[in-house]
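Structure first, then comments.
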Amino acid sequence: MTNQENLPGNGAADDGPLDLSGKHIVLGLSGGIACYKAAELCRALIKAGATVQVVMTEAAEQFITPVTMQALSGRPVYTSQWDSREANNMAHINLSRESDAILIAPMSADFMAKLLHGRADDLLSLMCLARPIDKVPLLVAPAMNREMYAHPATQRNFVQLNADGATVLGVGSGFQACGETGDGRMLEPEQILEDVVAFFAPKVLAGQHVLVTAGPTYEAIDPVRGITNLSSGKMGFAIARAAREAGAEVTLVAGPVGLPTPRGVARIDVRSAQNMLEAVVGRAQAATVFIATAAVADWRPAAPSAQKIKKDGSGQTPQLVFTENTDILATVAQSPAAQAGRLFCVGFAAESQDLAENAEAKRLRKKVPLLVGNIGPDTFGQDHNALLLVDARGRTELPKASKLSLARRLVQEIASRIALAQSGKKVGTS
Ligand code: CTP
């Protein structure tokens, strides 16, 4: 069989609807220099499929014009509670009732203080107060100088804002427009988008702690050379993101890759298979799901040289002797937590041919309830993949799609198997 015949789907990738398709977001801007990032955020929300209604405070208009925001959102911007374009002159009621969420980015320290007191002397604060609290969520992305951010009043206000039912998205750290460096920068538009998408995702893994391995490993030959492989880590990083979106606490143990860490995920960088094993073994006992996507080197040089191996001019090539690396997945699958059914283990199989047969054999050999097969050479480094899930009940094909949409589907498949196992029906390896 060829690689192509083996693939679950050979057609065009089916990535489904956009992340925010069908969502109507009110994007509120309060006064702060981070308003320049709100323009980019507006574009990002629209690109993700949302419709966006911009509402600006008077202070926000000092930093960016409604013209810019109207052009980007494709809708007239609202700035006043006295806006006569609304037939009933109640923009605060109409706009909040229509929306799936109100997102305030940037949220200034002053605007937050206003929200906490339930003050409503401009359209945006009026809308926040008038929104049906259980139907229209409020998400806020603070932006302020580091001293303002660290002030006890501000920190107290964050706690109260959360208690009042808002979702505070956190802040970035680094160089600030005022010239100082510290916490309080508004998150980057892509980070806010990731948080908004996660906010709307069904929480099928709430209460779970997911441990993921991703990327290649690097096995040193000497201080400047080593052996690695073509794994990009993209699938594992997408799974970590999808698991976090689904409400899990996620730890990602990553081999040497330059990918950005998904929002809300704890990342541990490792280099060799032995480093990865050490990082995983202890943590696996606190986890409830272990997903091994890493392309772990099967062998490492038995005795890496402490110094760079030099050519001696004789034409002789160095003789490398290898030793086998411990199988991390098989080790975790044999651990007390996995054996007691407290830890659901998922393996990956990167094959070059006979996907179904190899995946099934690997599942039994590694003693895991679920094995996910893919064709390594077709997917390494790519943004798309196709997966074949193999468990005791049979095979499930996930046809070609982006790694993120496959990761989301896989997370659903894992969640349904955990739910099934918890409902008393056995999901065994046999
Ligand atoms: N794996 C692991 N530790 C290893 C080797 C593999 O945890 N030392 C995990 C991988 O993360 C993956 C699964 O085992 O989830 C299968 O990896 P793969 O490289 O496809 O299989 P191998 O066990 O190496 O078998 P083979 O090389 O014979 O295909």
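The values are calculated or read from the model by the stated rules, or taken from the named source; none is laboratory data. Remember, predicted model here, so these are calculated numbers, not experimental data. Backbone-built Cβ (ideal geometry, glycine too); neighbour counts: all protein chains shown. Please note that ligands, DNA and RNA were not included when accessible areas were found on the heavy atoms of the full protein model with its side chains. Shrake-Rupley method; radii C 1.70, N 1.55, O 1.52, S 1.80 Å.
Write down the percent of antiparallel bridges among all DSSP beta bridges whose residues are both part of the chain, to the nearest 5.
Taking every DSSP beta bridge within the chain, about 35 percent pair in antiparallel fashion.
Using the alpha-carbon centroid of each, what span in Å lies between the stretch 393-427 and the stretch 332-349?
16
Whenever you get a sec, line up SER73, SER21 from highest to lowest accessible area (probe 1.4 Å, protein heavy atoms).
Result of the area sort, largest leading: SER21, SER73.
Per residue, how much accessible surface does the chain expose to a 1.4 Å probe? Answer in Å², no decimals.
On the way: 20150 Å² over 430 residues.
With all protein chains present, the chain gives 47 Å² per residue.
Using Cα springs under 10 Å in a Gaussian network model of the chain, which residue among HIS384, HIS209, HIS151 shows the largest mean-square fluctuation?
Looking only at HIS384, HIS209, HIS151, the biggest GNM fluctuation is shown by HIS151.
Rounded to whole Å, give me the distance from the Cα center of the stretch 135-166 to that of the stretch 214-291.
With the stretch 135-166 and the stretch 214-291 each reduced to a Cα centre, they are spaced 32 Å.
Place +1 on the Cβ of every Lys and Arg and -1 on the Cβ of every Asp and Glu in the chain, take the dipole about the Cα centre, and give the residue among PHE63, THR79, ALA306 whose Cα lies farthest towards its positive end.
Final value for the positive-end residue is ALA306.
Can you list the GluC sites (Glu not before Pro) in the stretch 174-229 that are in a DSSP coil and have 13 or fewer other beta carbons within 10 angstrom?
For GluC sites (Glu not before Pro) across the stretch 174-229 that sit outside H, G, I, E and B with at most 13 neighbouring Cβ atoms in 10 Å, the list reads GLU180.
Sorted by accessible area (1.4 Å probe), largest first, how do VAL224, VAL55, VAL296 line up?
Ranking VAL224, VAL55, VAL296 by accessible area, largest first, yields VAL224, VAL296, VAL55.
When the chain is modelled as a GNM with alpha-carbon springs shorter than 10 Å, which of GLY258, GLY215, GLY236 fluctuates the most?
Of GLY258, GLY215, GLY236, the most mobile in the Gaussian network model is GLY258.
Ignoring any ligand, DNA or RNA, what whole percent of the accessible area of the stretch 24-200 comes from carbon and sulfur when the probe is 1.4 angstrom?
C and S atoms contribute 53 percent here.
Specify which residue in the list VAL372, GLY16, PRO152 is farthest towards the positive end of the charge dipole of the chain, using unit charges on the beta carbon of Lys, Arg (+1) and Asp, Glu (-1), about the Cα centre.
Result: VAL372.
Under a point-charge model restricted to the Cβ atoms of Lys and Arg (+1) and Asp and Glu (-1), what is the dipole moment magnitude of the chain relative to its Cα centre, in debye to the nearest 20?
900
Report the accessible area of ARG75, computed with a 1.4 Å probe over the heavy atoms of all protein chains in place, in Å² rounded to the nearest 10.
My reading of the accessible area for ARG75 is about 80 Å².
Only helices at least 15 Å long along their axis, Cα-based, and averaging -0.5 or more on Kyte-Doolittle count here, so list those DSSP H runs from the chain.
Qualifying helices, which must be both long enough and hydrophobic enough, are 35-47, 189-200, 234-245, 273-284, 403-422.
Could you state the per residue volume, in Å³, of the convex hull enclosing the Cα atoms of the chain? Could you put the intermediate results ahead of the total?
Numbers: hull volume 83.6 nm³, N = 430.
Dividing the Cα hull volume of the chain by its residues yields 194 Å³.
Work from the charge dipole of the stretch 24-200 (Cβ charges, +1 for Lys and Arg, -1 for Asp and Glu, about the Cα centre) and give the residue of ILE33, GLY49, PRO106 farthest towards its positive end.
GLY49
In what order, largest first, do TYR78, TYR36, TYR218 sit by accessible area if the probe radius is 1.4 Å?
TYR36, TYR218, TYR78
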